[in-house]
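Student: Dumping the structure here so I can ask a few things about it.
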Amino acid sequence: MNEHPPLVFAYLCVEYGAKMNVEQVQVVLRFCKNDVKRLVAAKMLPTLGKPKHNSVKWFATITIAELAQDSDWLSKAVKLCQTYNNKRTENCA
């Protein structure tokens, strides 16, 4: 990952502050809410603290900025979501 993505991080800090919730992360990363939840469950998207499964999840803005610029991570995240969606579609048929 980049050492510090200053422009992206600066923009996100002005827009969202030092921490972001699930809805804000989904806007920045362009994933749907359920995909963000899947990425958290797969431990691909680290949360702040140790939230319970049914509580509000918070994410560090710097981490989201770094992940948004990491094409390897984005590829793995998309693959994980596509795999889940393909399995779900197969079960419906």
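The values are calculated or read from the model by the stated rules, or taken from the named source; none is laboratory data. As the structure is a computational prediction, the values presented were derived from the model and not from experiment. Every residue, glycine among them, receives a Cβ derived from its backbone with ideal geometry; neighbour counts consider all protein chains shown. The area values use the complete protein model at the heavy-atom level, side chains included, leaving out ligands, DNA and RNA. Shrake-Rupley method; radii C 1.70, N 1.55, O 1.52, S 1.80 Å.
Student: Could you say whether any residue in segment 3-17 is in contact with a Leu (Cβ under 8 Å, 6 or more places away or on another chain) and surrounded by 18 or more Cβ atoms within 10 Å (Cβ to Cβ)?
Tutor: no
Student: Look at residue 52 and say whether it is assigned to a loop (DSSP other than H, G, I, E, B), on the phi < 0 side of the Ramachandran plot, out of contact with any Ser or Thr (no Cβ under 7 Å at 6 or more places or on another chain) and surrounded by fewer than 13 Cβ atoms within 10 Å (Cβ to Cβ).
Tutor: Criteria met by residue 52.
Student: Of all residues in segment 39-49, which are open to solvent by 50 Å² or more (accessible area, probe 1.4 Å) and part of a helix (DSSP H, G or I)?
Tutor: 41
Student: Please go through segment 61-72 and pick out each residue that is part of a helix (DSSP H, G or I) and either open to solvent by 40 Å² or more (accessible area, probe 1.4 Å) or in contact (Cβ under 8 Å) with a residue 60 or more places away in the chain (or both).
Tutor: Answer for segment 61-72, where residues must be part of a helix (DSSP H, G or I) and either open to solvent by 40 Å² or more (accessible area, probe 1.4 Å) or in contact (Cβ under 8 Å) with a residue 60 or more places away in the chain (or both): 62, 65, 66, 67, 68, 71, 72.
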